[in-house]
Amino acid sequence: RGLVADYSKKKKEIYLLQGNKEAYLNELWKLVLEHEVGDLDFYKELKKQYPKEEWLIQREEIFKRLPKNIGIERFYNEEKLYDRLLKCVIESGGFYLLQEYESVLRKDYPEQLLRKYELEINKMAIHTNTRKHYKNLVLLLQHMQKLKGGSKEVQEIVKQWRIQYKTRPAMLDELSKL
């Protein structure tokens, strides 16, 4: 598999040097969709080959043909398709994509990000755990407070947790440090 990708890269460069634009584009498409799937550099190189209006059509074709497990959110971020990026973040499990793209999304979508944080930390809070775990929850709550409208949201969560988890002294102690 690695050799095929290396050969494809070399062929692309040879076609470019020869001025064979059609073969060059064909090889770029193969790199983007088959040999180096998910590589943003080849994606950007392919993007440069099309006028803006035509690229919009080609881009959608790429999005349709990319494998589902490739991490399309990187492409959405590159193209500034923040509504689609937000959808990926919301549908993902855990905090990884949320924290990865929060800086890009926080200005336009603070409420949606807060909902995602709330969902994920409530999942974490369900299980009784160690003090370290509760400290991590408090750190996440502190982070949430930095988002627009986050302070009010965190107050509501803490209020709810004080009632719901009243039999967890370590958790209540850590929450009091907020």
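The values are calculated or read from the model by the stated rules, or taken from the named source; none is laboratory data. Just so it is clear, the structure is predicted and the values come from calculations on it, not from any experiment. Here the Cβ is made from the backbone with ideal geometry for all residues, glycine too, and neighbour counts use every protein chain on show. Just so you know, the surface numbers come from the protein's heavy atoms only, side chains and all, with ligands and any DNA or RNA stripped out. Shrake-Rupley method; radii C 1.70, N 1.55, O 1.52, S 1.80 Å.
Pop out the ³J(HN,Hα) list for region 121-127 in order, Karplus 6.51 cos²θ - 1.76 cosθ + 1.60 with θ = phi - 60°, rounded to Hz; leave Gly and Pro as x.
Here the 3J(HN,Hα) series is 6, 5, 4, 5, 6, 4, 8 Hz.
For residue 129, which sequence-distant residues (separation of 5 or more, or a different chain) have an amide H within less than 5 Å of its own amide H, given hydrogens modelled in the peptide plane?
Answer set, sorted by chain and number: none.
Could you please state how large a percent of the accessible area of the chain is carbon and sulfur, counting protein chains only and using a 1.4 Å probe? Before the final figure, lay out the partial values.
Details: 5660 of 10920 Å².
Roughly 52 percent, rounded to a whole number.
Pick from 26, 122, 69: which residue has the top mean-square fluctuation in a GNM of the chain where Cα pairs under 10 Å get a spring?
Greatest mean-square fluctuation among the candidates belongs to 69.
Quick one: what are the phi-derived ³J(HN,Hα) couplings along region 73-83, Karplus 6.51/-1.76/1.60 with θ = phi - 60°, whole Hz, x for glycine and proline?
4, 5, 6, 4, 5, 4, 8, 6, 8, 5, 5
Can you tell me the 0 to 90 degree angle between the C-alpha axis of helix 21-30 and the longest principal axis of the chain, rounded to 10?
Tilt relative to the chain: about 30 degrees.
Set the Förster radius R0 to 41 Å, insert the Cβ-Cβ distance between residue 167 and residue 103 as r into 1/(1 + (r/R0)^6), and round the FRET efficiency to 0.05.
Values: r = 38 Å, r/R0 = 0.92.
The value I calculate is 0.65.
As a test of the formula, what do you get for the chain when each DSSP H run with n ≥ 4 contributes -39,500 (n - 2.57) and the sum is divided by the residue count, at 222 nm and rounded to the nearest 500 deg cm²/dmol? Walk me through the numbers on the way to the answer.
Details: 11 runs with 128 residues, N = 178.
Counting only the DSSP helices, I get -22000 deg cm²/dmol.
For Rg/Rh (Cα atoms, Kirkwood Rh), the listed values are [x] 0.98; [y] 0.94; [z] 1.18; which was obtained by calculation from the structure presented?
Here the calculated entry is [z].
If the chain between residue 50 and residue 79 were fully stretched, how many nm would it gain, using 0.36 nm times the residue separation less the Cα-Cα distance?
Numbers: separation 29, 0.36 × 29 = 10.44 nm, distance 1.42 nm.
Contour length minus the Cα-Cα distance gives 9.0 nm.
Please work out the average accessible area per residue across the chain, using the 1.4 Å probe convention, and give it in Å².
Details: 10920 Å² over 178 residues.
Value returned for the chain: 61 Å² of accessible area per residue.
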